1. State whether one or more residues within segment 297-308 are of a type outside the set (D, E, K, R), closer than 30 Å to Asn425 by Cβ and part of a helix (DSSP H, G or I).
2. Any chance segment 511-523 includes a residue that's surrounded by fewer than 16 Cβ atoms within 10 Å (Cβ to Cβ) and free of Cβ contacts under 8 Å to residues at least 40 places away in the same chain?
3. Run Tyr243 past the list (1) within 29 Å of Leu354 (Cα to Cα); (2) assigned to a strand (DSSP E or B) and report the number of the one that doesn't hold.
4. Please enumerate the residues belonging to segment 495-510 that are under 37 Å from the mean Cα position of the chain (by Cα), surrounded by 15 or more Cβ atoms within 10 Å (Cβ to Cβ) and either in a loop (DSSP other than H, G, I, E, B) or among the aromatic types (Phe, Trp, Tyr) (or both).
5. I need a count of the residues in segment 474-490 that are outside any strand (DSSP E or B) and either hydroxyl-bearing (Ser, Thr, Tyr) or farther than 17 Å from Val536 by Cβ (or both).
6. From the list Ala285, Ala362, which residue is surrounded by 21 or more Cβ atoms within 10 Å (Cβ to Cβ), part of a helix (DSSP H, G or I), of a type in the set (Gly, Ala, Ser) and in contact with a Gly (Cβ under 6 Å, 6 or more places away or on another chain)?
7. Let me spell it out: the conditions are (1) farther than 30 Å from Gln522 by Cα; (2) surrounded by fewer than 16 Cβ atoms within 10 Å (Cβ to Cβ); (3) at pLDDT 90 or above; (4) of a type outside the set (S, T, N, Q), and Ile577 meets all of them except one. Which number is the exception?
8. Kindly establish whether Phe594 is of a type in the set (A, V, I, L, M, F, W, C) and touching a strand residue (DSSP E or B) at 6+ places or on another chain (Cβ under 8 Å).
Amino acid sequence: MTKKKKLSNELIIANLAGERIIAAAELAIANKELRFQNNEKEKRAAELAIANKELRFQNNEKEKRAAELAIANKELRFQNNEKEKRAAELAIANKELRFQNNEKEKRAAELAIANKELRFQNNEKEKRAAELAVANTELSIAATVFDSQVGMMVTDAQHVILRVNRAFTEITGYSAEDVVGQTAHLLSSGMQSKVLYTTMWDIINSTGLWKGEIQAQRKNNEVYPQYLHITAVKNAQGMVTNYVKTLTDITSSKAVSNEIERLAFYDPLTQLPNRRLFFDRLNQALAVSAHSGQQGALLFLDLDHFKNLNDTQGHDIGDLLLQQVAERLTACLREGDTVARFGGDEFVVLLESLSKDVLEAADQTKNIATKISLSLNQPYQLSAILYHNTTSIGASLFTGHQLTTEKLLKQTDIAMYQSKNQGGNSLCFFDQMMHKAIIARVDLQNELRQAIEQQQFQLYYQIQVDHCGQSSSAEVLISWQHPERGRISPQHFIPLAEDIGLILPIGQWVLETVCAQLKTWQKNPLTKDIVLAVNVSAKQLHQVDFVEQVLATLQRHGTNPARLKLELTESILLDNISDIIAKMKALNKIGIRFSLDDFGTGYSSLQYLKMLPLDELKIDQSFVRNIVTDSSDRAIVRTIITMASSLNMNVIAEGVETAEQRLFLLNKGCLRYQGYLFSKPVLIKEFETILKR
């Protein structure tokens with residue numbers, strides 16, 4: 001080994017030895033440090049043990065102090081509660097002491113009042129004893145009265161019977177056992193009106209008393225006249241507690257009274273009203289007529305040749321005739337009319353509530369007189385004699401108090417003698433002009449029947465145009481071509497036809513003719529679109545089968561329903577409006593149109609107007625006539641036009657005769673017109689000529 005290498009090894013060994021010495025030193029230091037730390041650790045553990053022991057001691061002491069504090073607080077609260085209790089008990093004791101003092105004062109006051117009340121009660125006891133003595137006396141008297149000959153009944157406030165007397169049982173046939181507990185309605189005959197009972201109880205409720213005559217019923221169902229007296233009994237508060245009813249059977253006195261009345265007011269032979277009663281009823285009739293405005297009539301009847309019957313067959317036979325005449329007259333009259341015997345063979349009939357129209361009232365009078373004549377002209381069986389008799393009748397109409405009863409009867413008597421002078425067995429009115437009018441009406445009625453049979457009617461057509469002068473419709477008007485009198489306007493015969501029911505066949509004839517004409521026009525381009533308006537009366541429309549009649553007529557002629565318009569008047573809307581609406585809707589459904597004629601002159605409820613299937617309102621000519629000069633007519637026309645527009649209806653004006661009228665209507669929105677300005681009503685040939693222009 002070389003020196004250098006040896007030196008190097010020694011150096012390495014030296015370094016290793018140095019490092020070991022250093023490591024040994026460091027280890028010694030580290031061990032010493034470790035021992036120190038272990039000692040410190042043991043010290044810290046000992047100190048920690050001591051600290052934990054101290055902490056546990058302190059915690060225990062703390063818990064003891066907390067427990068002692070809780071006990072002290074509880075004791076303090078208990079003492080405070082006790083203190084409050086003592087204070088409350090002291091307050092209650094003071095309040096009780098004050099209450100006892102107050103009660104002591106009250107007792108003293110009550111004792112004073114009680115002593116005063118005792119003295120008052122002693123005084124009242126003495127008074128009650130005296131009153132009881134009086135009451136016993138009155139009760140004894142009342143018991144005597146209750147068992148009198150007058151029937152008595154006591155009910156409670158609900159009309160339940162509490163007690164009846166012996167006279168009640170004798171009068172009604174009901175014992176106390178029958179009626180006690182029942183209501184007083186048990187005694188009702190059912191013959192009194194509700195109005196009477198309502199009035200009776202209104203009076204009792206307001207005055208506490210009612211008396212009057214009623215029809216009562218006994219237990220055996222016999223109805224008898226009773227005089228009833230009802231008194232309401234009230235308590236100190238004014239409330240009704242009972243009703244006391246006294247009742248008397250007045251059958252005997254009523255019979256006597258009726259007999260006296262019969263002798264005073266009725267003819268003993270015929271049992272008809274006599275002259276005195278008749279004048280009383282006539283005065284009442286005049287008063288009623290003055291109030292209602294309705295006509296009345298007197299008929300004065302005298303039997304023809306009655307004296308001859310008396311002279312040849314004796315008065316007994318004559319009396320039989322008078323009795324049978326009275327029976328027949330009574331049977332001929334309406335309810336409310338009066339027939340009286342004035343003496344001998346004279347009878348007077350009073351007819352009330354006739355029409356307000358004089359001619360109609362006269363016609364009604366004539367019909368009743370005719371009925372009487374036909375009845376009295378029938379044979380009479382007078383014992384063994386079969387007798388024929390006729391009667392002369394005078395008639396006179398009246399309204400209100402225009403004539404006195406004496407003058408009215410005198411006029412009727414004169415009319416009867418006029419009938420006698422004509423040979424008897426006839427009717428004469430006092431007013432000859434009226435008599436002639438009635439005869440003329442009867443003649444017209446007979447001729448009208450012939451006109452229907454012989455088809456004496458003609459239809460006229462009045463064109464209807466629009467604002468451009470174009471026409472697509474016309475109104476159909478009927479006229480009567482009388483063989484002797486010539487043309488008769490519908491105003492003169494349609495009202496009569498309405499009254500006697502002939503409007504139905506006339507109306508059907510018009511409908512048949514119009515449908516046939518429309519069918520004919522359907523073949524011509526010039527006329528196929530023309531609509532014809534036909535007037536329909538209330539009597540026609542109110543027929544049960546009116547819809548079926550119209551449908552059958554259209555089918556019979558093969559007519560287009562859209563070409564037919566039915567014109568109705570406002571008066572139709574007054575009765576059975578729901579039925580009218582149903583019929584109109586049924587016809588409108590198939591295409592028939594409706595126009596309301598003469599609008600504004602009658603009665604139209606706007607409520608119903610909007611429900612009707614109307615196509616058109618027609619302004620009546622009475623409003624058009626003076627439309628240029630009359631502000632009221634102008635206002636009415638404007639209102640009708642506005643109303644029609646709001647209801648989505650067409651409007652047409654009739655009676656347009658001047659260009660000024662047409663211009664005013666046009667400016668206000670009325671675009672359809674009818675009147676002499678365009679054409680008068682013409683026959684079919686002339687109408688077709690107008691259409692060709």
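The values are calculated or read from the model by the stated rules, or taken from the named source; none is laboratory data. Small disclaimer: the values here were computed from a predicted structure and weren't measured. Here Cβ is always computed from backbone atoms with ideal geometry, including for glycine, and neighbour counts include all displayed protein chains.
1. Yes, segment 297-308 contains a residue that is of a type outside the set (D, E, K, R), closer than 30 Å to Asn425 by Cβ and part of a helix (DSSP H, G or I).
2. The answer is yes, given that some residue of segment 511-523 is surrounded by fewer than 16 Cβ atoms within 10 Å (Cβ to Cβ) and free of Cβ contacts under 8 Å to residues at least 40 places away in the same chain.
3. Only one criterion is unmet by Tyr243, namely (1).
4. Leu502
5. First, the residues of segment 474-490 that are outside any strand (DSSP E or B): 483-485, 489-490.
Okay, now just the ones that are also either hydroxyl-bearing (Ser, Thr, Tyr) or farther than 17 Å from Val536 by Cβ (or both), so 483-485, 489.
Summing the residues that are outside any strand (DSSP E or B) and either hydroxyl-bearing (Ser, Thr, Tyr) or farther than 17 Å from Val536 by Cβ (or both) in segment 474-490 gives 4.
6. Just a single option satisfies the conditions, and that option is Ala285.
7. That leaves (3) as the condition not met.
8. Answer is yes for this residue.
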